[in-house]
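Since the structure comes first, as structure tokens, the remarks are kept for the end.
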Amino acid sequence: MIAAEAAATGFVIGRPRGRPLIGQTLDYLRDPIGYLTQTARDHGDLVRLRLAHAVVYLISHPTLIDQVLRQRADAMRKDIVTRALGPLVGQGLLTSEGEVWRAQRRLIQPAFGHQAVARYGAAMVALAERMLDEWTEGATIDLHETMTRLTLAIVGKTLFDAEVGGEAEAVGHALEQVMRFYLGPGKWFPTLRYAPLPAANAYRRAIAEIDRVIYQIIADRRRTQTDRGDLLSRLLAATDETGSRMDDRQLRDECVTLFLAGHETTALALTYALTLVARHPEVGERLRLEVRDVLGNRPPEAGDVPRLTYTEAVIRESMRLYPPAWGIAREAIAEVEIGGHRMPPGTQFFAVQWIVHRDPRWFDQPEAFRPERWADDLVRRLPRCAYFPFGEGPRICIGNHFAMMEAVLVLASIVRRFRLEPIDSGPIRVIPSITLRPRDPLRVRVRPLKH
Ligand code: HEM
């Protein structure tokens, strides 16, 4: 690299003092987000950490994040935590690499374009309306639990036309069991899944249940050969340039991947958005006005989404403050130059949305919930990777349009019919597991609106 370029992109490496052998591991484990945020503020945009046996660079400047996630994506693979999901999601999109990933992404991408996902809008709204029909005056709603049930039903319906309470619930329940193992003993010792322990037995039973339900659905569909208008029909029909289709194993891996990646993140986006709306009545009022102006007295549909701009801004702003995927990690598989420094294969990088989304260099009053900041196309004015709730580069979330449409339609459906009053008023505390879950119940009281 020529000198002028190096100067323009060179970043000083921060090196916080650590303990012998374990470096910063204990500080990190005690409070991952708090520790990383403070470290970035104290030691800069590129910080070298030792976490367990790995050297990890915390990257907190959009230029560095863009280099890792997009410009040098060819020299990276997913990190060890994502790879540990392999036994569950196999060669699905989230964990596959190289040619397998590229071919699958090309095959599946068309099913997730703007127009393709619009056809799922009606199912999303119908399921939201069904949920709202059960809400009564003054009822207490646990948002995380309720939104998880809803997004599970939506993924079940749109992915494999499964009815609520049936297959979708069975897969959702089994996935929860599997994740419990990954977040517990399996987090540090994945091979424990083979051990004769109760937690590992439950894990293996859950995987067997997922396989049973999903292979059954695939077999039924192959037999009847009907296009049910769901995603599975599209996956079954998708062909690559040689005309070949996915086999059962690949279909199973993609279904489990989409199920897992598709419902919890969206449930969290809605949970935090509804909590913030309940705590900011002026935002709730503005939302109601927009929904009334755009919809009059009818439920929303996919075609309304482009005009529900404030509703979308509320979702964006909630994901800025509480990104459902709170950090993205990569491991270099070749020597790379990042921030002007050569780094060997095996180097780990960690880009933490929580930190960058709350950086005052990119967002005024970063801790404040202000959906109006997204007016006048802020998305386009920000540097690339200053806001990246869906990631960036070739591995950007394939479900981003699906998720945004779902979140906007569900939020609009709720505020059209109900006002939300907060029950809990303490700080929103989070658990940074693979996703960013609320530590305490986030509950609201609901009041039906008169039409
Ligand atoms: C608000 C909701 C969502 C958020 C915040 C979110 C976030 C993300 C992020 C950050 C990544 C990139 C991970 C990385 O680069 O390592 C990702 C990947 C992915 N997401 Fe999402 N996601 C959401 C909803 C969905 C939905 C609804 C689906 C499917 C129905 C989905 C399916 C996927 C898949 C398959 C990948 C892997 C893509 C690949 O590597 O090619 N996500 N998501």
Arrange the following residues from fewest to most other Cβ atoms within 10 Å of their Cβ: Arg286, Arg445, Arg205.
Arg205, Arg445, Arg286
Separation in nanometres of the label points that stand 7 Å from Cα toward Cβ, at Leu382 and Arg180
3.6
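Can you pull the Rg over Rh of region 397-451, Cα-only, Kirkwood?
On the way: Rg = 14.6 Å, Rh = 13.7 Å.
Across region 397-451, the Cα-based Rg/Rh ratio is 1.06.
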Mind giving me the nanometre distance, one decimal, between the label points for Glu137 and Ser433, set 7 Å out from Cα along Cα→Cβ?
3.9
Ranked by Cβ crowding within 10 angstrom, fewest neighbours first, how are Ile431, Ile328, Ile108 ordered?
Ile431, Ile108, Ile328
Got a sec? Charge dipole of the chain, +1 on Cβ for Lys and Arg, -1 for Asp and Glu; which of Gly284, Met179, Thr146 is way out at the positive end?
Met179
Which three lengths, in whole Å and largest first, does the chain cover when its Cα atoms are put on their principal axes?
64, 53, 46
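Multiply the residue gap between Arg83 and Arg223 by 0.36 nm, knock off their C-alpha separation, and tell me the result in nm, one decimal place.
On the way: separation 140, 0.36 × 140 = 50.40 nm, distance 3.37 nm.
Contour length minus Cα-Cα distance gives 47.0 nm.
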Read phi for every residue in region 318-324 and hand back ³J(HN,Hα) as whole Hz from Karplus 6.51 cos²θ - 1.76 cosθ + 1.60, θ = phi - 60°, with x for Gly and Pro.
5, 6, 5, 6, 10, x, x
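In region 308-396, which GluC sites (Glu not before Pro) are in a loop and have at most 12 other Cβ atoms within 10 Å, using DSSP for the loop call?
Details: sites: Glu312, Glu317, Glu331, Glu335, Glu337, Glu367, Glu372, Glu392; in loops: Glu335, Glu367, Glu392.
In loop regions of region 308-396 (DSSP not H, G, I, E or B), the sparsely surrounded GluC sites (Glu not before Pro) are Glu335, Glu367.
Where a ≥ b ≥ c are the square roots of the eigenvalues of the C-alpha gyration tensor, would you call region 126-192 rounded, which needs a/c under 1.5, or, failing that, prolate if a/b is larger than b/c, or oblate?
Details: a/c = 3.90, a/b = 1.72, b/c = 2.26.
Cα axes put region 126-192 in the oblate bin.
When N is the residue count of region 90-214, what does its C-alpha Rg come to as a fraction of 2.2 N^0.38 Å? Mind showing how you got there, number by number?
Details: Rg = 17.8 Å, N = 125, 2.2 N^0.38 = 13.8 Å.
Taking the Cα Rg and dividing by 2.2 N^0.38 Å, one obtains 1.29.
Shape of region 157-301 from its Cα gyration tensor (a ≥ b ≥ c, root eigenvalues): rounded if a/c is under 1.5, otherwise prolate when a/b > b/c, or oblate?
Details: a/c = 2.63, a/b = 1.31, b/c = 2.01.
Cα axes put region 157-301 in the oblate bin.
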Starting with the fewest neighbours, write out Asp142, Asp161 ranked by other beta-carbon atoms found within 10 Å of each beta-carbon.
Asp142, Asp161
May I ask you to order 53-63, 129-139 by the average number of other C-beta atoms within 10 Å around their residues, highest value first?
53-63, 129-139
If every alpha-carbon in region 239-340 counts as one equal scatterer, what log10 I(q)/I(0) does Debye give at q = 0.13, 0.20, 0.21, 0.24 1/Å?
-0.77, -1.05, -1.10, -1.24
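Since every read-out is calculated from the coordinates, none of them should be taken as a lab result. Here the structure is a predicted model, which means the values were calculated and not measured. Every residue, glycine as well, gets a Cβ built from its backbone with ideal geometry; the counts of neighbours run over all protein chains shown.
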